[in-house]
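Participant: Sharing a structure below in structure tokens format, with a few things to ask.
The values are calculated or read from the model by the stated rules, or taken from the named source; none is laboratory data. As the structure is a computational prediction, the values presented were derived from the model and not from experiment. Cβ placement follows ideal geometry from the backbone for every residue including glycine, while neighbour counts extend to all protein chains displayed. Ligands, DNA and RNA are stripped out before the accessible areas are found, and what is left, the full protein with its side chains, is counted by its heavy atoms. Shrake-Rupley method; radii C 1.70, N 1.55, O 1.52, S 1.80 Å.
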Amino acid sequence: MTKIFIFSCALISMLSSCGLQYEPQTPPEDRQLQRQRVIESKIKSEFEPQKKRYRSIAFGKTTTIKPVSFIKLDSLFEQKYQLEQTGRRSKELDEKIGIQRLVCQTDTNEILYMEEHVFSLETDTSAEVLSGNFALNIKNEIRQVEFTNAYTIPANLVSIYGYYVLNESFMFFSEQPAQEEVEFYQYYKAQAGNLFGYQKEQFIVNTLKLMKLARSNRSLEKQLFLRELTKTEVHGVSTNYESAVFNRLDQFSNAKNEVDYYLVDYQFVERVSDIKTELRRYILKFDPYLMLISKEKL
């Protein structure tokens, strides 16, 4: 360890005496962070004129995209490494590496660094949440952009979408989800994978609403969900009702003992004037994922 340190110091001293300056290499983590800042700045500047607020939600892992010539050079070096592990060398292989290095030097194709990014573009009431792949060169210039997912959701669900896309805990102050949250993700994301277009978008919005309810109540209890969803479907944001009663909260199963649907019998007293009230009653059906199937006023 001491010899290596002395050698390094001597090397730096020699470079300095020759008029060369030692420049420390930027760690990979810092280069990744620089690319992320470039992406964020670009998106923000692109959509500001449209009065859309950009919010960065998450970045994935970096993927390096190499031209074919560089991939071939990597393969030759791998062969050389495997050979040297057995104590052997190959002059022919060294010549191939030399030639391939020259090919790489004249290759006009760039090495690109692909950054996966999830973000939102928000207005006062709604938000577009997008997932995209951004490819940058060594100079941090954006060369390619490919969007993989795009959904429109209520603006108040954007933070919940952040938990959803990262599979993080949405009920507790922890990145690692509890077992019941893991099972929730598995159940709902498996179904989302079977859907497309607007149907998938609506399903994800409903999933996010359930997650928000679970976060507020620290619970994934089905009856809690059914009560809150029913009130929202019947009343919206109105509070002009009294004496809410759930006459039934039933689960119906099929022949395979799988959940077929949930039925809710709900009634309340609505104030129609200062001196008059009327009894209202609704029957609602929800599918196994708690998506509304029907709402009937009796």
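Participant: Please enumerate the residues belonging to the range 46-90 that are hydrophobic (A, V, I, L, M, F, W, C) and in a strand (DSSP E or B).
Facilitator: Step one: filter the range 46-90 for residues hydrophobic (A, V, I, L, M, F, W, C), giving 47, 57-59, 65, 68, 70-71, 73, 76-77, 83.
Scanning the range 46-90 gives I57, A58, F59, I65.
Participant: What are the residue pairs meeting all of these: first residue in the range 210-222, first residue in contact (Cβ under 8 Å) with a residue 24 or more places away in the chain, second residue open to solvent by less than 60 Å² (accessible area, probe 1.4 Å) and part of a loop (DSSP other than H, G, I, E, B), Cβ atoms under 7 Å, and 6 or more apart or on different chains?
Facilitator: Between residues of the range 210-222 that are in contact (Cβ under 8 Å) with a residue 24 or more places away in the chain and residues that are open to solvent by less than 60 Å² (accessible area, probe 1.4 Å) and part of a loop (DSSP other than H, G, I, E, B), the close pairs are L210/L290; M211/F170; A214/F170; A214/M171; A214/L220; R215/F170; R215/M171; R218/M171.
Participant: State which residue is least open to solvent (accessible area, probe 1.4 Å) when the search covers only the range 46-82 and only residues that are among the polar types (S, T, N, Q) and out of contact with any Phe, Trp or Tyr (no Cβ under 9 Å at 6 or more places or on another chain). If you could, list the steps in order and put the result at the bottom.
Facilitator: As a first pass, look at the range 46-82 and keep what is among the polar types (S, T, N, Q): 50, 56, 62-64, 69, 75, 79, 82.
If we keep only those that are out of contact with any Phe, Trp or Tyr (no Cβ under 9 Å at 6 or more places or on another chain) too, we end up with 50, 69, 75, 79, 82.
Working: Q50: 103, S69: 14, S75: 58, Q79: 94, Q82: 96 Å².
Applying the filter and picking the extreme gives S69.
Per-residue answers, yes or no, for (1) outside any loop (DSSP other than H, G, I, E, B); (2) open to solvent by 40 Å² or more (accessible area, probe 1.4 Å); (3) more than 26 Å from M211 (Cα to Cα):
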{"site": "E242", "(1), (2), (3)": "yes, yes, yes"}
{"site": "A255", "(1), (2), (3)": "no, yes, yes"}
{"site": "Y261", "(1), (2), (3)": "yes, yes, no"}
{"site": "E270", "(1), (2), (3)": "yes, yes, yes"}
{"site": "I275", "(1), (2), (3)": "no, yes, yes"}
{"site": "R280", "(1), (2), (3)": "yes, yes, yes"}
{"site": "K285", "(1), (2), (3)": "yes, yes, no"}
{"site": "Y289", "(1), (2), (3)": "no, yes, no"}
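Participant: Let me ask you something else. Name the one entry in Q191, Q186, Q223, Q179 that is polar (S, T, N, Q), touching a Phe, Trp or Tyr at 6+ places or on another chain (Cβ under 9 Å) and open to solvent by 70 Å² or more (accessible area, probe 1.4 Å).
Facilitator: Details: Q191 fails: open to solvent by 70 Å² or more (accessible area, probe 1.4 Å); Q186 fails: touching a Phe, Trp or Tyr at 6+ places or on another chain (Cβ under 9 Å); Q179 fails: touching a Phe, Trp or Tyr at 6+ places or on another chain (Cβ under 9 Å).
Matching residue, one of Q191, Q186, Q223, Q179: Q223.
Participant: Next up: K91 - would you say it is touching a Phe, Trp or Tyr at 6+ places or on another chain (Cβ under 7 Å), without any contact (Cβ under 8 Å) to a residue 24 or more places away in the chain and among the basic types (K, R)?
Facilitator: Working: touching a Phe, Trp or Tyr at 6+ places or on another chain (Cβ under 7 Å): no; without any contact (Cβ under 8 Å) to a residue 24 or more places away in the chain: yes; among the basic types (K, R): yes.
Judged against the criteria, K91 is not a match.
Participant: Return a yes/no flag: does the range 146-168 have any residue that is under 13 Å from the mean Cα position of the chain (by Cα), open to solvent by less than 40 Å² (accessible area, probe 1.4 Å) and either modelled with pLDDT under 90 or of a type in the set (G, A, S) (or both). Reasoning before the result, please.
Facilitator: Pass one, the range 146-168, residues under 13 Å from the mean Cα position of the chain (by Cα): 147-151, 158-168.
With open to solvent by less than 40 Å² (accessible area, probe 1.4 Å) added as a condition, the list becomes 151, 158, 160-162, 164.
Now restrict to residues that are either modelled with pLDDT under 90 or of a type in the set (G, A, S) (or both): 162.
Yes, because at least one residue in the range 146-168 is under 13 Å from the mean Cα position of the chain (by Cα), open to solvent by less than 40 Å² (accessible area, probe 1.4 Å) and either modelled with pLDDT under 90 or of a type in the set (G, A, S) (or both).
Participant: For the range 268-288, which residues satisfy the criterion of being at pLDDT 90 or above, within 19 Å of F225 (Cβ to Cβ) and in contact with a Lys or Arg (Cβ under 9 Å, 6 or more places away or on another chain)?
Facilitator: Result: Y282, I283, L284, K285.
Participant: To continue, here is another question. Just to check your reading of the model, which residue among G98, G60, G87 is at pLDDT 70 or above, closer than 30 Å to A127 by Cα and of a type in the set (G, A, S)? Lay out the reasoning, then the answer.
Facilitator: Working: G98 fails: closer than 30 Å to A127 by Cα; G87 fails: closer than 30 Å to A127 by Cα.
Step by step, each of G98, G60, G87 is checked, and only G60 is at pLDDT 70 or above, closer than 30 Å to A127 by Cα and of a type in the set (G, A, S).
Participant: Give me the residue from the range 158-184 that is among the polar types (S, T, N, Q) and assigned to a loop (DSSP other than H, G, I, E, B) and, out of that set, nearest to V118 (Cα to Cα).
Facilitator: If we filter the range 158-184 for residues that are among the polar types (S, T, N, Q), which is where we start, we get 159, 167, 169, 174, 176, 179.
Subset that is assigned to a loop (DSSP other than H, G, I, E, B): 167, 169, 174, 176.
On the way: N167: 13, S169: 18, S174: 20, Q176: 19 Å.
Within the range 158-184, the match that is nearest to V118 (Cα to Cα) is N167.
Participant: Here is a further query. Restricting the search to the range 128-142, which residues are free of Cβ contacts under 8 Å to residues at least 40 places away in the same chain and hydrophobic (A, V, I, L, M, F, W, C)?
Facilitator: L130, I138
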